[in-house]
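K.L.:
I have a structure here, written as structure tokens, and I will follow up with some questions on it.
The numbers here are math on the coordinates, done by the rules we state, and not lab data. Predicted model only: the values in this text are computed from it and were never measured. Reconstructed Cβ throughout: ideal geometry from the backbone, glycine too, with neighbour counts over all protein chains shown.
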Amino acid sequence: MEDIENIELTFLSLNDYEDLKQAMIAAYAQMPNSYWEKDQIKRLIDKFPEGQVAIKVNGHFAGCALSIIVDYSKFENGHTYRQITNNHTFNTHTPDGDMLYGIDIFIQPQFRGLRLGRRLYDYRKELCERLNLKGIAFGGRIPNYHKYANEMTPKQYIEKVRMKEIHDPVLDFQMSNDFHPARILKNYLVGDKESNEYAVLLEWDNIYYETPTTKATTIKKVVRLGLVQWQMRPYKDMEEVMQQAEYFIDAVSGYRSDFALFPEFFNAPLMAENNHLSEPEAIRELAKYTETLVQRFSELAISYNINIITGSMPELVDGTLFNVGYLCKRDGAVERFEKLHVTPDEAKVWGLQGGTQLKTFDTDCGKIGILICYDVEFPELSRLLALEGMDILFVPYLTDTQNGYSRVRFCAQARAIENECYVAITGSVGNLPKVHNMDIQYGQSMVFTPCDFSFPANGIKAESTPNTEMILIADVDIDMLRELNQLGAVRNLRDRRTDIYELNIKPMKN
């Protein structure tokens, strides 16, 4: 082959027809008369010019890719090549369809080995994303199957190709380009003796696909987080606490943050007025503020156009004391979350009980999860949330020592890696000498990411100065999580061995 000076990807033109015909004859030498007629190519170009592309090397026609858009619900359960093309008329093409269907793709033999086919597939993927289609599908030939047809079924053959026990030049290439087998198609292509007229329905999912909606709202893909590193100090009353809270909400919303995250028990300074009581009595007095605080936070969420995660507060329910928090959305909705695991100290000193509710929350920035402090040290909880589609995990915490903080910090970072999500943590700093059991605090706000090429190498998106009152602002890109799930160096969620273990939530007893 002559030295390569230029490789060009271009839209197919009817002027390319004679080159295309000769290229198809060479590419499909084992299948006589397997080339498109000129009027067929004209119909394809007229119907869907963007879907027909050629690749040229030094000006020579090297190969091409042909495709249409179909309503996939009519074909995904099985079809033949004639059916998907409507007898080669391509009347199945519809601009309102939801799937890009590959009609043909080939490279001339003398140009193989240059990864030109990958360029054509990359173009199809980019086109699919740009047109907001669900994905790409096509019937893939299995040209080596005829050698094994007497000893194994197509399903067994495909499995052995997948396990690298058998080489199939077409199927190996498709799977290496992120296409996954969906089903076997019988009598797919008449005359394809090498495949015994079988084909594999191969699919590629567009992770950026958005379901069309008539609503004016959209799910944000780049989300700005505002973490409040709260200074514990004496406050004379609840109004003063809320004045400080509003100050921070004003600050993070001024940076157009989508979320404001407060720490666990941020309102603990209000226990100072009840320091003459026992610890269990003092925290139950603190619980009396919770309903009003939630109402005030909800009002602030609406007026500052920001979703507020209130950290946590004590709450009495039928005489039982829980550690709870609220998600106050900017649309006015309010949802509750609970701390499920209480620490030995919380149980012994305050009589706190663990909650029972674990769930994700739908927001205008996608699905989020919230775990309070100690809960992040139990990996099962965040995994269950991830399986429900959580993209961001928020962890409000309260730790008095650096080793306690380190447990929260390193467990939170592990949760980001194993669940392919972002994790934001924030706590309180300073001290409260006049509040029993709340003497000192150690805190540092951080935003963790998975560890892969698109993310920081150390998995830390942003971090605050330890033990200093401040806010931390960080942007996280949800689409990067989708790419990681499909294309990451490792894929922790997809590679779980669900054939040997599983994780379930037990139904609660009445």
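K.L.:
Can you give the percent of C-alpha pairs in segment 7-205 whose distance is more than 21 Å? Walk me through the numbers on the way to the answer.
P.N.:
On the way: 9998 of 19701 pairs.
In whole percent, the long-distance tail amounts to 51.
K.L.:
Could you tell me which residue out of VAL170, LEU202, MET31 lies farthest along the dipole of the chain toward its positive end? Charges go on the beta carbon: Lys and Arg +1, Asp and Glu -1, centred on the Cα centre.
P.N.:
It is MET31, whose Cα lies furthest towards the positive end.
K.L.:
Could you order the peptides 316-322, 53-59, 363-369, 257-263 from most to least packed, using the average number of other C-beta atoms within 10 Å per residue?
P.N.:
On the way: 316-322: 12.6, 53-59: 18.1, 363-369: 20.4, 257-263: 26.0.
Listed from highest to lowest mean packing, they are 257-263, 363-369, 53-59, 316-322.
K.L.:
Placing +1 on the Cβ of each Lys and Arg and -1 on the Cβ of each Asp and Glu in segment 7-205, which of GLY191, ASN132, PHE75 has its Cα farthest towards the positive end of the resulting dipole?
P.N.:
GLY191
K.L.:
Find, to one decimal place in angstroms, the Kirkwood hydrodynamic radius of the chain, where the mean of 1/r is taken over every pair of different Cα atoms and then inverted.
P.N.:
Working: mean 1/r = 0.0377 Å⁻¹.
This gives a value of 26.5 Å.
K.L.:
On the Cα set of segment 1-56, report Rg and Dmax in Å, please.
P.N.:
12.6, 36
K.L.:
Here's a follow-up. In the chain, with Lys and Arg counted as +1 and Asp and Glu as -1 at Cβ, which of these residues, ILE306, PRO143, GLN353, has the Cα nearest the positive end of the dipole, that is, farthest along it?
P.N.:
PRO143
K.L.:
If you don't mind, there's one more thing I want to ask. Using the Cα atoms of segment 87-150 to build a convex hull, what is its mean projected area in square nanometres?
P.N.:
Details: hull surface 26.5 nm².
It is 6.6 nm².
K.L.:
Using modelled backbone amide H atoms (1.01 Å from N, in-plane), which distant-in-sequence or interchain residues come within less than 5 Å of ILE103's amide H?
P.N.:
So ILE103 has HN proximity to LEU66, SER67, ILE68.
K.L.:
About the Cα centre of segment 1-142, how large is the charge dipole given +1 on each Lys and Arg Cβ and -1 on each Asp and Glu Cβ? Please answer in debye to the nearest 20. All intermediate terms of the calculation are to be shown ahead of the outcome.
P.N.:
Values: 17 positive and 19 negative charges, 81 e Å.
Rounded to the nearest 20 debye, it is 380 debye.
K.L.:
Using only Cα atoms, find the angle between the long axis of helix 116-130 and the longest principal axis of the chain, and express it within 0 to 90 degrees, rounded to the nearest 10.
P.N.:
50 degrees
K.L.:
Right, something else. What's the magnitude of the charge dipole for the chain around its Cα centre, counting Lys and Arg as +1 and Asp and Glu as -1 at the beta-carbon? Answer in Debye, nearest 20. Walk me through the numbers before you get to the answer.
P.N.:
Values: 55 positive and 72 negative charges, 235 e Å.
Charge dipole, the chain, about its Cα centre: 1140 debye, nearest 20.
K.L.:
Lys and Arg at +1, Asp and Glu at -1: add these up for the other residues within a Cβ distance under 13 Å of SER445 and post the number. Numbers along the way, then the final one.
P.N.:
Numbers: positive: ARG409, LYS461; negative: GLU264, GLU463, GLU469.
So the surrounding residues net to -1.
K.L.:
Can you tell me the dipole magnitude for segment 125-208 around its Cα centre, using point charges on the Cβ only (Lys, Arg +1; Asp, Glu -1), in Debye to the nearest 20? Could you put the intermediate results ahead of the total?
P.N.:
Working: 12 positive and 13 negative charges, 30 e Å.
That gives a dipole near 140 debye.
K.L.:
At what distance in angstrom do the alpha carbon centres of segment 396-459 and segment 71-119 lie from each other?
P.N.:
50 Å
K.L.:
I would also like to ask the following. Tally Lys/Arg at +1 and Asp/Glu at -1 over every other residue whose Cβ is under 13 Å from the Cβ of GLY389; what's the total? Numbers along the way, then the final one.
P.N.:
Values: positive: LYS359, LYS367, ARG383, ARG482; negative: ASP362, GLU388, ASP391, GLU420.
Net charge in that neighbourhood comes out at 0.
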